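Input: a single structure, listed below in structure tokens.
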Amino acid sequence: MEYTAIQAPLDGFADTVRQFFEGGGMGLNVTVPFKEQAWELADQRAARAEKAGAANTLYQNSEGQLVADNTDGQGLVQDLTVNHGVQLKNANILILGAGGAVRGVLGPLLAQQPASLTIANRTVAKAEALATLFADEANVTKLSACGFNEPDQSFDVIINGTSASLQGDLPPLSSNVIAADTVVYDMMYSLQTTTFNLWALDNGAVRVFDGLGMLIEQAAESFRVWRGVQPDTAPIIDVLRND
Ligand code: ATR
């Protein structure tokens, strides 16, 4: 089995996918900026990909149809709940951002039945649109939207899904959102502690995690979709963390 990186030209994603499968390829992972195009290109979509509006996993079914899936949300939930032992059921969760990254994980997060899920974003209207889009999946969860300056109480779990740190920015949150037992998760990852997690540590957080585990878990879930085998991720996490 061979798994390598392919750089598609910005205006040639569909051709690259077609050539890959014509050449005998079995499955593709897709990353930015092509996740929305992958979703559009597919003949069929897994239920969890449908609402996400983006796909990170493509494969052909036995009829040769292109199927899109999205394993990002499962990757995040698996990393939080299994690798880090964080309970999401009945938790009060604050998620920052309302772009593609957040939209991709809302379904699997809501499926964990948190007590509340607050979506905070710079552009409040985008957070509100996401809350409306996922209202029917909220079930027992109180799902709401707001700006960064609004939350003033502590949360059990805070997830950063903005790309603010790419511009060296921080979402302007009150430090009141953090208590000593708050779990802080930055979907970004880097060799050093991420900008957001540094801010959280400075403001009293003790348990902070970055998105490396999510990266590994979404890949493992894609592998399961393609091959029907659940890979053991612990050794991979170990190697990547320590190399
Ligand atoms: P992605 O696919 O990574 O989610 P995106 O769809 O462009 O990318 O969304 C980026 C997210 O990061 C958005 O929530 C964006 O806020 P806006 O909706 O207000 O644009 C957020 N973001 C980007 N730069 C930011 C910054 N400097 N400060 C705060 N939020 C920022």
Most mobile listed residue (Q60, Q112, Q153) in the chain, GNM with C-alpha springs under 10 Å: Q153
Average Cα contact separation per residue, segment 13-70, under 8 Å, 6 or more apart, as relative contact order %: 35 percent
For the chain, what proportion of DSSP beta bridges, expressed in % and rounded to the nearest 5, is antiparallel? 25 percent
Test of understanding: what is the full-extension gain from A5 to Q192, defined as 0.36 nm times their sequence separation minus their Cα-Cα distance? 64.9 nm
Can you tell me the orientation of helix 124-133 relative to the chain, as the angle in degrees between its alpha-carbon axis and the longest Cα principal axis, to the nearest 10? 60 degrees
Relative to the Cα centre, what is the charge dipole magnitude of segment 13-70, using +1 at the beta carbon of each Lys and Arg, -1 at the beta carbon of each Asp and Glu, and rounding to the nearest 20 debye? 200 debye
Using 0.36 nm per residue of separation minus the Cα-Cα distance, give me the extension gain between D181 and N83 in nm, one decimal. 33.6 nm
Using square roots of five times the C-alpha gyration tensor eigenvalues, list the equivalent-ellipsoid semi-axes of segment 1-112 in whole Å, biggest first. 29, 14, 13
Theoretical ellipticity at 222 nm over the chain - DSSP helices of four or more residues, -39500 (n - 2.57) apiece, nearest 500: -10000 deg cm²/dmol
Extreme residue, positive dipole direction of the chain, given options A120, G99, G75 (C-beta unit charges): A120
Unit charges at the beta carbon, dipole of the chain: most positive-side option, N149, Y3, V239: N149
Dipole-positive endmost among A42, A54, V17 within segment 13-70 (Cβ charges, Cα centre): A54
How much of the accessible area of the chain, probe 1.4 Å, is carbon plus sulfur, in whole percent? 50 percent
Do you know the relative contact order of segment 172-240, to the nearest whole percent, from alpha carbon pairs under 8 angstrom that are 6+ apart? 28 percent
Find, to one decimal place in angstroms, the Kirkwood hydrodynamic radius of the chain, where the mean of 1/r is taken over every pair of different Cα atoms and then inverted. 18.6 Å
Could you give the C-alpha radius of gyration of segment 13-70 expressed as a fraction of 2.2 N^0.38 Å, taking N as the number of residues it contains? 0.99
Under a point-charge model restricted to the Cβ atoms of Lys and Arg (+1) and Asp and Glu (-1), what is the dipole moment magnitude of segment 1-134 relative to its Cα centre, in debye to the nearest 20? 620 debye
For the chain, the dipole about the Cα centre with charges only on Cβ (Lys and Arg +1, Asp and Glu -1), to the nearest 20 debye, works out at 320 debye
Suppose we keep just the DSSP beta bridges with both residues in segment 13-70; what percent of those would be antiparallel, to 5? 80 percent
Listed residues G12, G27, G73; largest mean-square fluctuation, Gaussian network over the chain with Cα springs below 10 Å, found at G12
Can you give the relative contact order of the chain as a percent, counting alpha carbon pairs under 8 Å and 6+ residues apart? 15 percent
Return one whole number: the accessible area per residue of the chain in Å², for a 1.4 Å probe. 51 Å²
Stokes-Einstein D for segment 73-213, Kirkwood Rh over Cα pairs, 20 °C, 1.002 mPa s (µm²/s): 146 µm²/s
In nm, spacing of pseudo-spin labels at T16 and R241 (7 Å Cα→C-beta vector): 3.2 nm
Taking R241, R103 and ranking on accessible area (1.4 Å, protein atoms only), highest first, one gets R241, R103
Give me the number: length gained by fully extending R207 to Q44, i.e. 0.36 nm times residue separation minus the C-alpha to C-alpha distance, one decimal in nm. 54.8 nm
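The values are calculated or read from the model by the stated rules, or taken from the named source; none is laboratory data. Here the structure is a predicted model, which means the values were calculated and not measured. FYI the Cβ positions are ideal-geometry reconstructions off the backbone, even for glycines, and counts take in every protein chain you see. Heads up: the accessible areas ignore ligands, DNA and RNA and are worked out on the full protein's heavy atoms, side chains in. Shrake-Rupley method; radii C 1.70, N 1.55, O 1.52, S 1.80 Å.
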